[in-house]
1. Measure of size requested: the Rg and Dmax of chain A, with Cα atoms as the atom set and Å as the unit; please supply both.
2. Counting other Cβ atoms within 10 Å, keep those with at most 10, restrict to DSSP loop, and tell me which trypsin sites (Lys or Arg not before Pro) in segment A:100-141 are left.
3. Let me have the 222 nm mean residue ellipticity of chain A computed from DSSP H runs of 4+ only, each contributing -39500 (n - 2.57), with the sum over all residues rounded to the nearest 500.
4. Would you list A:Thr11, A:Thr74, A:Thr224, A:Thr310 from fewest to most Cβ contacts within 10 Å?
5. Only Cα pairs within less than 10 Å get springs; with that Gaussian network setup on chain A, which residue of A:Val299, A:Val178, A:Val356 has the largest fluctuation?
6. With θ set to phi - 60°, apply the Karplus curve 6.51 cos²θ - 1.76 cosθ + 1.60 along segment A:126-140 and write out the HN-Hα couplings as whole Hz, x wherever there is a Gly or Pro.
7. Considering only A:Gly240, A:Gly317, A:Gly232, give the residue with the highest GNM mean-square fluctuation for chain A, with springs between Cα atoms whenever their separation is below 10 Å.
8. For A:Lys374, A:Lys14, A:Lys172, what's the fewest-to-most ordering of other Cβ within 10 Å of each Cβ?
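Nothing in this text is a laboratory measurement; each read-out follows from the coordinates by a stated rule. In this text, all values refer to a predicted model and were calculated from it rather than measured experimentally. No Cβ is skipped: glycine too gets one built from the backbone with ideal geometry, and neighbour counts run over all protein chains shown.
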Amino acid sequence: MINYLDNAATTFPKPQAVYDETYRCMTRYCGNPGRGSHAMSLAAAKKIFECRSLLADFFGVDELERIIFTLNTTYALNAVIKGLVKKGDHIIISDMEHNAVFRPVWKLASEGIIEYDIFSSMINIPRRSPTLICAKIASLVRPNTKMVVCSHASNICSATLPLKEIGEFCRKRGILFVVDAAQSAGHYPIKVDDMNISALCLPSHKGLYGPQGCGVIVLGRNVTLDTLIEGGNGVNSLDGDMPSFSPERYEAGTMPTPAVAGLCEGVKAINEIGLKEIAEYESSLFISAREMLCNTPNVSIYAPSYAGPTLLFNLRGISSEALARELDSHGICVRGGFHCSALGHKTLGTSEDGAVRISFGIFNKQSDVENLGKALTRISAEQNIK
Amino acid sequence: MKEKNDECSAEIGSVTQAMKAQDFLSAAAIPSKVIKSRSSSRHGCIYGVAYSCSQENNVRAVLANARISVKHWNQNLPL
């Protein structure tokens, strides 16, 4: 019996409809969308159109052309960040960023194209508030600040950043606002236009319960990117230029149609359950797990006051990677180490050995938490941890 | 080549725009289907919507209202 507690990496299982539609697509209508005139090509295009429409509604944008499909969130963030900056620009990122943000920004800076600063998201500050977080960002703004890039929800704990307030802050100053929603899409409501988001980047395969192999950019109003890659998409085929219009401008090459088909069903499942219900359920599992861990000797929990889908901890006397391996041998899937988040672990004080992350999804049960607790007790005894 | 029929079409552009046009027409109770235009052989893939020619004026009104630009209107053409 597997207790899957690694939903921040990728959710498992998926709603049955996701499996069914992905399979149906691959076996019945997986033509190449936007190319052919035959029924299968048009059927594939229709499914992609349906998914764009659904996502536009889900993320509060009124033009479905602003929904762009990519390979994953990292690709989406690279396309957005590199598609917006020019030489001499300044970028502000948070101290909780995943490498999907940090590495492209770092590379641009190392090549002398941009400069960047890191703002404190005040994770460890009890009097943390949106106003204070915006004040931290404000203290770093320069005349050439082009954009603020930040994760909505951390990938190593359940802390979130206040999108609405940061979006408003950026709007007033004419700064672009780019959001990594890898850990929040499908967990919390996000409305791109209401929150003044210039570009939202997210995966299919996490909180939206779609297949791997698909990411999404939701562009803000009147935002145009330089293209990250160029190639065929069926449009203006005899021209050297990519089309000027979205989404085709940004979608070179064959689309991940089966993944999009599955994603469509994932979003429908989320809509059916409700984001509020999902957030409450995941928080309830977090609270149970936190209580269990608090009662387990030698456990340290990081950022414990933020209840949500993700919980980070360590067991004294055993490395996080070793503990993750031990838990795996007890049928519990978690992730140890650094979770591609050098900045986040530095902020939480776990950059020496990393930590163990457990992350919940809609299919987890209270019994998963109980089994984790039993396994930790056994491992402590086996390892002679006192 | 098929004989002329009562089907007219509007050449729009990308398949996304053509499907968007179909959505608006459907909302206005005008049946249509997405087709790949014959002009595609000269310009790459150009999609449009085909509909009954008797709906021509209604289609023009709906697409104009939806701000969907039409590259070319084809009347009674073989598809």
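1. Computed over the Cα atoms of chain A, radius of gyration and Dmax are 21.3, 71 Å.
2. Loop-located and lightly packed - A:Arg127.
3. Result for chain A: -12000 deg cm²/dmol, rounded to the nearest 500.
4. Starting with the residue having the fewest Cβ neighbours, the order is A:Thr224, A:Thr74, A:Thr310, A:Thr11.
5. A:Val299
6. x, 8, 3, 8, x, 4, 5, 5, 5, 5, 4, 5, 4, 5, 9
7. With Cα springs under 10 Å in chain A, the top fluctuation among A:Gly240, A:Gly317, A:Gly232 is at A:Gly240.
8. Listing A:Lys374, A:Lys14, A:Lys172 from fewest to most nearby Cβ atoms yields A:Lys172, A:Lys374, A:Lys14.
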